[in-house]
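A.B. asks: Here it is, the structure in full.
The values are calculated or read from the model by the stated rules, or taken from the named source; none is laboratory data. Please read all numbers here as calculations on a predicted model, not as lab measurements. All Cβ positions, even for glycine, are placed from backbone atoms using ideal geometry, and neighbour counts span all protein chains on display.
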Amino acid sequence: MDKGLIVKIGVVILALLFLIEPLSMGIQNWAGSGENEVQGDVYVGSANVNATIYSYGAFLYLNAPTDLQKSQILANPEVLNLEEVDEGVWRITLRDSSKTKDVYTEFGAMGISTLAIAQIGLPDTYTIQLEDGSRMEIRGGYQQFFMEPILDTGSTISYMLIVESDGSSTYQILDAKSYYSQVELQDYGTIVGANTSAYAFSIPWEERNLDVEELYEEYGEENVLYTKNDYVVFSPTLSAGETVALKTEYVTYISEGSASVLEDFTNKTQAEADFMGRATFPDSTLFIKATQEPELEYEFEKRNTYTVELTSPFDGYELGLQRIELASQGEYSLNQSVPIAFNASVTGNTVLGVMEIGIVE
């Protein structure tokens, strides 16, 4: 993929934050009793698996709501009942379990945080690694997790599990942490529309404080994308001691390879001296869709923009996105199939966020 032809998009398909913390705030065996003891030997091991969300129950749980929150909850037409089921723990009963995700989203917009019980399907069989390093293949089955109902049913999530087994099946899950990975995906899309011309400007580091609001007014906010780079890159990289010595008042974060600076700091000459000539200063990128060339005094490349319909699944992943507008220097015709590449964050078979996307030239 030609990096010069990538359009960086600021759209996050799903919030990544929920994957940074464990999804399973409470875990219990799907049988729910927890009273059946394993007969014979008990094994504890770890495993990485992709688990499928089969359903959410018709209940939402939350910590003690305020009087205002109680009235907001009971005003929702999908709510049948609100009751305290344990000290400080309240349960919302819904009319229809198919509405659990929607109601969760509505309450979240009001600042009401809730959890649902999800029925999770493990693989038919999977391998656990025991504490002594040996491996054992066991049967999966169903588990019940407390989690935020963010993903649609049918989605899969990557989990790191600590499980208890009788040597043949999953008895119970002792701990579960979700995780995501950074991958590059490539598949095909179809050109379904050719749109206006687009212009990609390179903005020098020391001039990066553009009046973007003025550009929004002139071209429309939906036609302007500005990627501002408030950082420098070190070459060669710094030592640990140098990162301490070079932490100046305008540096907000510094590592061996780069440093972030205050967004209003643009004195390149001072930074070159402070960083002993070891810093490079990346241009920022301004992308404008317009029928005529914008009158800006910066270098630019003229590109064409296309509406592309994506395949589903895309390279084996559920994207949650059917069409997208992309820029390219290439010339394409309607209904032409073109290769598309993504740099994305994924869990299981689900794309959570897209960092870079472009037509492969």
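A.B. asks: If only one of Ser345, Ser328 is small (Gly, Ala, Ser), crowded, with 19+ Cβ neighbours inside 10 Å and touching a Lys or Arg at 6+ places or on another chain (Cβ under 7 Å), which one is it? Full working, then the answer.
C.D. replies: Details: Ser345 fails: touching a Lys or Arg at 6+ places or on another chain (Cβ under 7 Å).
Unique residue meeting the criteria: Ser328.
A.B. asks: Restricting the first residue to region 198-219 and requiring it to be on the phi > 0 side of the Ramachandran plot, which pairs with a second residue that is loosely packed, with under 14 Cβ neighbours inside 10 Å meet a Cβ separation below 7 Å and a spacing of at least six or different chains?
C.D. replies: Close Cβ pairs (under 7 Å, with a partner that is loosely packed, with under 14 Cβ neighbours inside 10 Å) do not exist here.
A.B. asks: Can you tell me which residue is nearest to Ser169 (Cα to Cα) among those in region 139-150 that are in contact with a helix residue (DSSP H, G or I) (Cβ under 8 Å, 6 or more places away or on another chain) and modelled with pLDDT under 90? I'd like the intermediate steps shown before the answer.
C.D. replies: Going residue by residue through region 139-150, those that are in contact with a helix residue (DSSP H, G or I) (Cβ under 8 Å, 6 or more places away or on another chain) are 148-150.
From what's left, modelled with pLDDT under 90: 148, 150.
Working: Glu148: 27, Ile150: 29 Å.
Applying the filter and picking the extreme gives Glu148.
A.B. asks: Go through Ser337, Ser333, Ser312 for me and flag whichever is over 20 Å from Tyr199 (Cβ atoms), in the same structural domain as Leu210 (by TED's automatic domain parsing) and free of Cβ contacts under 8 Å to residues at least 12 places away in the same chain. Full working, then the answer.
C.D. replies: Working: Ser337 fails: free of Cβ contacts under 8 Å to residues at least 12 places away in the same chain; Ser333 fails: free of Cβ contacts under 8 Å to residues at least 12 places away in the same chain.
Exactly one of Ser337, Ser333, Ser312 is over 20 Å from Tyr199 (Cβ atoms), in the same structural domain as Leu210 (by TED's automatic domain parsing) and free of Cβ contacts under 8 Å to residues at least 12 places away in the same chain, namely Ser312.
Residue-by-condition table, conditions (1) touching a Leu at 6+ places or on another chain (Cβ under 7 Å); (2) farther than 30 Å from Val232 by Cβ:
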site	(1), (2)
Gly277	no, no
Asn304	no, yes
Ser333	no, yes
Ile340	yes, yes
Asn349	no, yes
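A.B. asks: Being touching a residue at least 24 places away in the same chain (Cβ under 8 Å), over 30 Å from Gly40 (Cβ atoms) and surrounded by fewer than 17 Cβ atoms within 10 Å (Cβ to Cβ), is that true of even one residue in region 129-136?
C.D. replies: Within region 129-136, not a single residue is touching a residue at least 24 places away in the same chain (Cβ under 8 Å), over 30 Å from Gly40 (Cβ atoms) and surrounded by fewer than 17 Cβ atoms within 10 Å (Cβ to Cβ).
A.B. asks: Among the strands (runs of 3 or more DSSP E) confined wholly to region 157-256, which include 2 or more residues that are exposed (fewer than 13 other Cβ atoms within 10 Å of the Cβ), among the polar types (S, T, N, Q) and within 30 Å of the chain's Cα centre (by Cα)? Talk me through it step by step, then tell me what you get.
C.D. replies: Details: elements: 170-179, 181-203, 224-227, 231-234, 251-254.
In region 157-256, 181-203 are the strands (runs of 3 or more DSSP E) which contain 2 or more residues that are exposed (fewer than 13 other Cβ atoms within 10 Å of the Cβ), among the polar types (S, T, N, Q) and within 30 Å of the chain's Cα centre (by Cα).
A.B. asks: Hey, another quick one. Among the candidates Glu272, Glu325, Glu301, which residue alone is touching a strand residue (DSSP E or B) at 6+ places or on another chain (Cβ under 8 Å), within 23 Å of Glu184 (Cα to Cα) and outside any loop (DSSP other than H, G, I, E, B)?
C.D. replies: Working: Glu272 fails: within 23 Å of Glu184 (Cα to Cα); Glu301 fails: within 23 Å of Glu184 (Cα to Cα).
Glu325 is the lone residue from the list that is touching a strand residue (DSSP E or B) at 6+ places or on another chain (Cβ under 8 Å), within 23 Å of Glu184 (Cα to Cα) and outside any loop (DSSP other than H, G, I, E, B).
A.B. asks: Quick check on region 47-60. Is at least one of its residues assigned to a loop (DSSP other than H, G, I, E, B) and either of a type in the set (D, E, K, R) or modelled with pLDDT of 90 or more (or both)?
C.D. replies: Of all residues in region 47-60, those assigned to a loop (DSSP other than H, G, I, E, B) come to none.
No, region 47-60 has no match at all.
A.B. asks: Using beta carbons and a limit of 7 Å, which pairs, at least six apart or on different chains, have the first residue in region 229-250 and closer than 19 Å to Ile203 by Cβ and the second one basic (Lys, Arg) and surrounded by 14 or more Cβ atoms within 10 Å (Cβ to Cβ)?
C.D. replies: Asn229/Arg208
A.B. asks: Has region 92-111 got at least one residue that is more than 30 Å from the chain's Cα centre (by Cα) and farther than 16 Å from Phe146 by Cβ? Working first, answer last.
C.D. replies: So in region 92-111, the residues more than 30 Å from the chain's Cα centre (by Cα) come out as 95.
Next, only the ones that are farther than 16 Å from Phe146 by Cβ stay: 95.
Yes, region 92-111 contains at least one residue that is more than 30 Å from the chain's Cα centre (by Cα) and farther than 16 Å from Phe146 by Cβ.
A.B. asks: Those residues that are assigned to a strand (DSSP E or B) and touching a strand residue (DSSP E or B) at 6+ places or on another chain (Cβ under 6 Å), I need them from region 61-76; list them, please.
C.D. replies: Filtering region 61-76 for residues assigned to a strand (DSSP E or B) gives 61-63.
Once the filter is applied, which keeps residues that are assigned to a strand (DSSP E or B) and touching a strand residue (DSSP E or B) at 6+ places or on another chain (Cβ under 6 Å), region 61-76 yields Tyr61, Leu62.
A.B. asks: Residues of region 127-150 being assigned to a strand (DSSP E or B), farther than 17 Å from Tyr54 by Cβ and not acidic (Asp, Glu), which ones? Quick ask: steps written out before the conclusion?
C.D. replies: Here is the first cut: in region 127-150, the residues assigned to a strand (DSSP E or B) are 127-130, 135-147.
Narrowing the set further to residues that are farther than 17 Å from Tyr54 by Cβ leaves 127-130, 135-138.
Thr127, Ile128, Gln129, Leu130, Arg135, Met136, Ile138, listed by residue number.
A.B. asks: Looking only at region 312-349, count how many residues are modelled with pLDDT under 85 and within 22 Å of the chain's Cα centre (by Cα).
C.D. replies: Quick first cut of region 312-349, residues modelled with pLDDT under 85 only: 312, 318-331, 342-345.
If we keep only those that are within 22 Å of the chain's Cα centre (by Cα) as well, we get 312, 318-326, 342-345.
So the answer is 14.
A.B. asks: Is region 91-108 home to any residue that is aliphatic (A, V, I, L, M), within 18 Å of Lys177 (Cα to Cα) and part of a strand (DSSP E or B)?
C.D. replies: So in region 91-108, the residues aliphatic (A, V, I, L, M) come out as 92, 94, 103.
Remaining after also requiring within 18 Å of Lys177 (Cα to Cα): none.
No: zero hits.
A.B. asks: Residues in region 272-285: is at least one crowded, with 17+ Cβ neighbours inside 10 Å and under 30 Å from Thr153 (Cα atoms)?
C.D. replies: Looking for residues that are crowded, with 17+ Cβ neighbours inside 10 Å and under 30 Å from Thr153 (Cα atoms), one finds none in region 272-285, hence no.
A.B. asks: Here is a follow-up. If you scan region 77-90, which residues turn out to be charged (D, E, K, R) and assigned to a loop (DSSP other than H, G, I, E, B)?
C.D. replies: Residues satisfying the conditions are Glu78, Glu87.
A.B. asks: Can you name the residue in region 47-77 that is surrounded by 14 or more Cβ atoms within 10 Å (Cβ to Cβ) and touching an Asp or Glu at 6+ places or on another chain (Cβ under 9 Å) and is also farthest from Asp96 (Cα to Cα) among such residues?
C.D. replies: Across region 47-77, the extreme among qualifying residues is Ile53.
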